[in-house]
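The values are calculated or read from the model by the stated rules, or taken from the named source; none is laboratory data. Predicted model, so just to flag it, every value in this text is computed and none were measured. Cβ sites come from the backbone with ideal geometry, for glycine too, and all protein chains shown count toward neighbours.
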Amino acid sequence: MTDHSETFAEPRGRPSQRAGIEARRVDDVTVLFEADGSRLCALNETALALWDLCDGHTDPSEMVDAVCTACGVPRDTAAADIDQALLALTDAGLIEWTAVR
Amino acid sequence: MTDTVSCRVVVAHPWRLAREALEVAIASAGHQVVAVAHDEASLVEATQGEHPDVVLADEHFGGEGAPALWETIRVEHGSRLLVLAREADQGALLRVIEAGSDGFLTNDLDLAQLSRAVASVMAGETYIPPGMLGLLLRELIVRRRNEDGVLDRFSRVSRREREILELMVAGASHQRMAEVLFLSPHTVRTHVQKVIEKLGVHSRTEAVAMVVEYDLLNRFGSSAPS
């Protein structure tokens, strides 16, 4: 298993949603399901927004810039929060990373 | 019993019915409406006089001058600003956030959302309606990429070509450009075509529109001929 215990201090490429995962709205919460219907996890609004950006083309630095503008938070705060969120999604096996040449 | 931190709120809306309804709603959420305003002047006066914790303002207050008005409210008076939009429109959300608002409320909000929004901005957070954050972030990313592309193309425009571009923005004809820059009209036409190609547009009009939209000449310095 790949060790993602460290934070993404160095560029790791671009995240993309693991194939076969479906997002559905259940009682005002977005829940991720496997293709076989088994429930994976629920996402809060922020995690859902980041999940939607994991399209294989969006760099985490772009997410940080957008969050800074949208939420008016300092860049280091946004970077740390996004780092943590992407790490959690990675550890949960929900996203995969594609190296950028 | 839930402890609610009571905030001092100024309500600003051009419609009396909306002002009165918002007053009732805000009071129901445990906050105090210290003043109401029906236009920009009364809003500024109310903010100066009452120093509210939060200002709840209709999105059309200030019109083109909204960013300056909101900056006055937020920076000079230290109030948090929630903007109430008449439609849950992505474009409106983007304009409001970029103009410096602390939160965006749509016309389908309920009392619980209003209460959460006020509590969020009082806690120093930015309030964005459920379901709109993802779209907002995506829009911001796309806009940033577009801008980066424009800046990259503009960086390839030479000094002489920037002189030409500045005259294009001023509406000068090719003949006028030739006179000002001591060039032949043929040379001017060549430069204009080069500018259009380098900016990746299809016409002089599009080139001018791009320069104006991204404020390129002011941001990166013009090259006005002496």
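A count restricted to the range A:44-64 and to residues that are at the interface with chain B (Cβ under 9 Å from one of its Cβ atoms), crowded, with 18+ Cβ neighbours inside 10 Å and not β-branched (Val, Ile, Thr) stands at 8. Filtering the range B:152-165 to residues that are assigned to a helix (DSSP H, G or I) and either farther than 14 Å from B:Ile196 by Cα or charged (D, E, K, R) (or both) leaves B:Asp152, B:Arg153, B:Arg159, B:Arg160, B:Glu161, B:Arg162, B:Glu163. Flag: B:Ala112 matches the condition of being surrounded by fewer than 17 Cβ atoms within 10 Å (Cβ to Cβ), within 20 Å of B:Val54 (Cβ to Cβ) and within 12 Å of chain A (Cβ to nearest Cβ). Scanning the range B:123-151 for residues that are surrounded by 14 or more Cβ atoms within 10 Å (Cβ to Cβ), within 14 Å of chain A (Cβ to nearest Cβ) and in a helix (DSSP H, G or I) returns B:Leu133, B:Gly134, B:Leu135, B:Leu136, B:Leu137, B:Arg138, B:Glu139, B:Leu140, B:Ile141, B:Arg143, B:Arg144.
Restrict the check to the range B:156-170 and report whether at least one residue is within 14 Å of chain A (Cβ to nearest Cβ), surrounded by fewer than 18 Cβ atoms within 10 Å (Cβ to Cβ) and either within 30 Å of B:Val33 (Cα to Cα) or basic (Lys, Arg) (or both). Looking for residues that are within 14 Å of chain A (Cβ to nearest Cβ), surrounded by fewer than 18 Cβ atoms within 10 Å (Cβ to Cβ) and either within 30 Å of B:Val33 (Cα to Cα) or basic (Lys, Arg) (or both), one finds none in the range B:156-170, hence no. Looking at B:Gly63, B:Gly100, just one residue is of a type outside the set (A, V, I, L, M, F, W, C) and without any contact (Cβ under 8 Å) to a residue 24 or more places away in the chain, and that residue is B:Gly63. Residues that are charged (D, E, K, R) and outside any helix (DSSP H, G or I) within the range A:39-55 comprise A:Arg39, A:Asp55, listed in sequence order. With the structure loaded, tell me whether A:Val26 is touching an Asp or Glu at 6+ places or on another chain (Cβ under 9 Å), away from chain B (no Cβ under 12 Å) and loosely packed, with under 13 Cβ neighbours inside 10 Å or whether it fails that test. So A:Val26 does not fit the description; no. Checking each residue in the range A:65-85 for being modelled with pLDDT of 90 or more and within 10 Å of chain B (Cβ to nearest Cβ) picks out A:Asp65, A:Ala66, A:Val67, A:Cys68.
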